[in-house]
Amino acid sequence: MKNFEFYTPTRVIFGRDTETKVGELIQEYGCRKVLVHFGGQSAKKSGLLDRVYASLKEHSVDYISLGGAQPNPLLSLVEKGIALCKAEGVDFILAVGGGSVIDSSKAIAYGLANDFPVWNIYGRISAPKACAPVGCIVTIAAAGSEMSDSSVITNDLDGNQKRGFSSNLCRPKFAIMNPELTYSLPAYQTASGCTDIIMHTLERWFTAHTDNSELIDGIAVSVIKTVIHNAPILLKDPHNYNARAEVMWAGSLSHNGTTGPVGDGDWGSHQLEHELGGMFNVTHGAGLAAVWPAWAHYVYKDNITRFAQLAERVFGVSLDGGQEHAALEGIRLMTEFFASINMPVTLTQLGLNLSDEQCETLAYNCTWKKTRTIGAVKKLGLEDIAAIYKAAR
C-alpha cells in the first residue's frame, strides 16, 4: 500500500427529515447571514425550500437566496453570487441541491474569501488562501461533492471552458442527506447519477501504480456492485427508500477519498467529458458513459491487470482465459450495464454527431491548447484524445 493522507472532515447527517435540522447546524457556526443557493423550481415545488427557511427562522438565522444553478454550473452565476454575498454580509453558503449546486456554492465561497477573480483558481492562475464555510442539503446521489475537495465550473464568459479544482479548503462543514429528497428525480437523472458514482470509483481504480491495496480495492468493488444492484431497482421503484439510501451513501464514498485520493487516479474520462460538458452542456454522468467504452478500449493494454481484476471482482469473469480476454469482457459488461439503465454508450447516442474537426477541437481544448497530457494508465496527448473522441462516435 502506498503512503497516503486521508482527510474527510464533513459531518454527515443521514436519514429521514434531517433537512429540518439545518437551522440548528448553521447556528453552531455562529454565522451572521446565510446564502441559500439552489437550482431550478424543484426545490420550491417540493416544499424543501420552505422547510429549510422555516428551520433557519426557528433558530434566528438570517438568510438570502440565490437560485438558478444548472448542470455544468456557470461562472456568471458564481460571480453574481459572490457580489450578492459581499453586498449582504453573507458568511456561510448553504447549497440545496445536487453536485452542480454544491460546486457552484464552493466557487462562491472561494470568491468570497479571496481577493482575486474566482476564475483564477480554476484557471490555475492563483491559489486560494481560504474558503468561506459551505454546508449542503443533498437532493441527488451522483457527484459526491457533498464530501469531496473538488468542484467544477464552466466559464460561460470566455469560451465555455469547463475546469475543475481540488482543495481541502472547500470541503463542506456538513452534509444533510435524506434519501427521500431524491424520490422525485427523473429516471434519466437517477441513472446519470449512478453512472457518475461508478465513474468516480473507476477513475481511482485505474492508476499508474500496482501497489497492493486489498482493503481499498474491496471498498471500491463494493461501491460499484452496490450501485449496479440498486440502479435497476430505482428505475422500477423510484420510492424505494433502501435503494435510494444505498446509492446516496455510495455516492459520498466514491468521492470522499475512501476509495483513493483524487490525485492518485486516472481521470482521463472525466477530462474528456469536461470538454463535452463545456461545449455542448451534456449531462455529466451521461457524457461519462458515452466516452468511457472508447477510452477503455484505447488504454486497457497499458494496465491490463487492473482491467482484468475489475472484470473478475465486479462481474465474476474467470481469468482462466487470460487477462486480455477478461479485460475485454469487463469493458463489455460495464458498457452493457450503462446501456441497460438507458445511458448512452456512444456520442451519437448522447445526441452528438461530431465531425473530425469538432473532435480535434475538443482534443485541443482538453490538452489546454497543447500544454498538458491527461490520464495515468496511459498518458494521452492531442492525437490520442482526438482518436478517442472519434472512436466514441
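Does any residue of the stretch 114-135 turn out to be of a type in the set (A, V, I, L, M) and closer than 28 Å to Leu234 by Cβ?
Of all residues in the stretch 114-135, those of a type in the set (A, V, I, L, M) come to 118, 121, 125, 127, 130, 132, 134.
The next check asks that each one be closer than 28 Å to Leu234 by Cβ; those that pass are 134.
Yes, some residue in the stretch 114-135 is of a type in the set (A, V, I, L, M) and closer than 28 Å to Leu234 by Cβ.
Does the stretch 144-175 hold any residues that are surrounded by fewer than 18 Cβ atoms within 10 Å (Cβ to Cβ) and part of a strand (DSSP E or B), and which are they?
Within the stretch 144-175, Gly164, Ser166 meet the criteria.
Quick test of your reading of the structure: Thr335 fulfils all but one of (1) part of a helix (DSSP H, G or I); (2) without any contact (Cβ under 8 Å) to a residue 40 or more places away in the chain; (3) farther than 17 Å from Trp267 by Cα. Name the failing condition by number.
All conditions pass for Thr335, except number (2).
Quick check on my filter: what residues within the stretch 309-335 are of a type in the set (Gly, Ala, Ser), surrounded by 18 or more Cβ atoms within 10 Å (Cβ to Cβ) and closer than 14 Å to Ile228 by Cβ? Talk me through it step by step, then tell me what you get.
Restricting attention to the stretch 309-335, the residues satisfying the condition of being of a type in the set (Gly, Ala, Ser) are 311, 316, 318, 321-322, 326-327, 330.
With surrounded by 18 or more Cβ atoms within 10 Å (Cβ to Cβ) added as a condition, the list becomes 311, 326-327, 330.
Scanning the stretch 309-335 gives Ala311, Gly330.
Condition check: in contact with a strand residue (DSSP E or B) (Cβ under 7 Å, 6 or more places away or on another chain) and either of a type outside the set (Asp, Glu) or more than 30 Å from Ser222 (Cα to Cα) (or both). Does Thr348 satisfy that? Walk me through how you get there before you give the answer.
On the way: in contact with a strand residue (DSSP E or B) (Cβ under 7 Å, 6 or more places away or on another chain): no; either of a type outside the set (Asp, Glu) or more than 30 Å from Ser222 (Cα to Cα) (or both): yes.
Against the criterion (in contact with a strand residue (DSSP E or B) (Cβ under 7 Å, 6 or more places away or on another chain) and either of a type outside the set (Asp, Glu) or more than 30 Å from Ser222 (Cα to Cα) (or both)), Thr348 does not qualify.
Can you confirm whether the stretch 194-204 contains a residue that is at pLDDT below 95 and in a helix (DSSP H, G or I)?
yes
Taking the stretch 14-41 only, how many residues are over 20 Å from the mean Cα position of the chain (by Cα) and touching a residue at least 40 places away in the same chain (Cβ under 8 Å)?
Taking the stretch 14-41 first, the residues over 20 Å from the mean Cα position of the chain (by Cα) are 15-36, 41.
Filter again for touching a residue at least 40 places away in the same chain (Cβ under 8 Å), leaving 15-19, 21-22, 25-26, 29, 31-36.
Residues that pass the stated criteria total 16.
Sort out which residues of the stretch 26-49 are out of contact with any Leu (no Cβ under 9 Å at 6 or more places or on another chain) and either part of a loop (DSSP other than H, G, I, E, B) or at pLDDT 95 or above (or both), and write them in order of number.
Glu28, Tyr29, Gly30, Cys31, Arg32, Lys33, Gly39, Gly40, Gln41, Gly47, Leu49 - these are the residues of the stretch 26-49 that are out of contact with any Leu (no Cβ under 9 Å at 6 or more places or on another chain) and either part of a loop (DSSP other than H, G, I, E, B) or at pLDDT 95 or above (or both).
Can you tell me which residue in the stretch 26-39 is farthest from Met147 (Cα to Cα), limited to those that are in contact with a Phe, Trp or Tyr (Cβ under 7 Å, 6 or more places away or on another chain) and open to solvent by 10 Å² or more (accessible area, probe 1.4 Å)?
So, considering only residues that are in contact with a Phe, Trp or Tyr (Cβ under 7 Å, 6 or more places away or on another chain) and open to solvent by 10 Å² or more (accessible area, probe 1.4 Å), the one farthest from Met147 (Cα to Cα) is Lys33.
Return only the number of the condition from (1) closer than 14 Å to Val134 by Cα; (2) touching a strand residue (DSSP E or B) at 6+ places or on another chain (Cβ under 8 Å); (3) polar (S, T, N, Q) that Gln27 does not satisfy.
(2)
Residues in the stretch 40-82 that are surrounded by fewer than 19 Cβ atoms within 10 Å (Cβ to Cβ) and closer than 16 Å to Val134 by Cβ: how many?
The total comes to 2.
Among the listed residues Ile108, Ile82, Ile102, which satisfies the condition of being within 30 Å of Tyr183 (Cβ to Cβ) and over 15 Å from the mean Cα position of the chain (by Cα)?
Details: Ile82 fails: within 30 Å of Tyr183 (Cβ to Cβ); Ile102 fails: over 15 Å from the mean Cα position of the chain (by Cα).
Result of the check over Ile108, Ile82, Ile102: Ile108.
Across the stretch 225-240, what is the number of residues that are open to solvent by 40 Å² or more (accessible area, probe 1.4 Å), assigned to a helix (DSSP H, G or I) and touching a Ser or Thr at 6+ places or on another chain (Cβ under 8 Å)?
Residues that pass the stated criteria total 2.
Inspect the stretch 92-99 for any residue being farther than 15 Å from Arg171 by Cβ and out of contact with any Ser or Thr (no Cβ under 8 Å at 6 or more places or on another chain) and give the result as yes or no.
Within the stretch 92-99, none of the residues are farther than 15 Å from Arg171 by Cβ and out of contact with any Ser or Thr (no Cβ under 8 Å at 6 or more places or on another chain).
I'd like the residue in the stretch 1-22 that is assigned to a helix (DSSP H, G or I) and of a type outside the set (D, E, K, R) and, out of all such residues, is farthest from Gly263 (Cα to Cα). Please lay out each step first, then the result.
Keep residues of the stretch 1-22 that are assigned to a helix (DSSP H, G or I), which gives 18-22.
Among the residues that remain, those that are also of a type outside the set (D, E, K, R) are: 18, 20, 22.
Working: Thr18: 33, Thr20: 36, Val22: 32 Å.
Ranking the candidates gives Thr20 first.
Kindly list the number of the only condition in (1) in a helix (DSSP H, G or I); (2) in contact (Cβ under 8 Å) with a residue 40 or more places away in the chain that fails for Lys301.
Every condition holds for Lys301 apart from (2).
Does at least one position in the stretch 310-322 carry a residue that is among the aromatic types (Phe, Trp, Tyr), touching a residue at least 60 places away in the same chain (Cβ under 8 Å) and out of contact with any strand residue (DSSP E or B) (no Cβ under 6 Å at 6 or more places or on another chain)? Walk me through how you get there before you give the answer.
Start the filter on the stretch 310-322 by keeping residues that are among the aromatic types (Phe, Trp, Tyr), which leaves 315.
Now narrow it down to the ones that are touching a residue at least 60 places away in the same chain (Cβ under 8 Å): none.
Scanning the stretch 310-322, I find no residue that is among the aromatic types (Phe, Trp, Tyr), touching a residue at least 60 places away in the same chain (Cβ under 8 Å) and out of contact with any strand residue (DSSP E or B) (no Cβ under 6 Å at 6 or more places or on another chain), so the answer is no.
The values are calculated or read from the model by the stated rules, or taken from the named source; none is laboratory data. These figures come from a predicted structure and were not determined experimentally. Methodologically, a virtual Cβ is constructed for each residue, glycine included, from the backbone with ideal geometry; neighbour enumeration extends over all protein chains shown. Ligands, DNA and RNA are stripped out before the accessible areas are found, and what is left, the full protein with its side chains, is counted by its heavy atoms. Shrake-Rupley method; radii C 1.70, N 1.55, O 1.52, S 1.80 Å.
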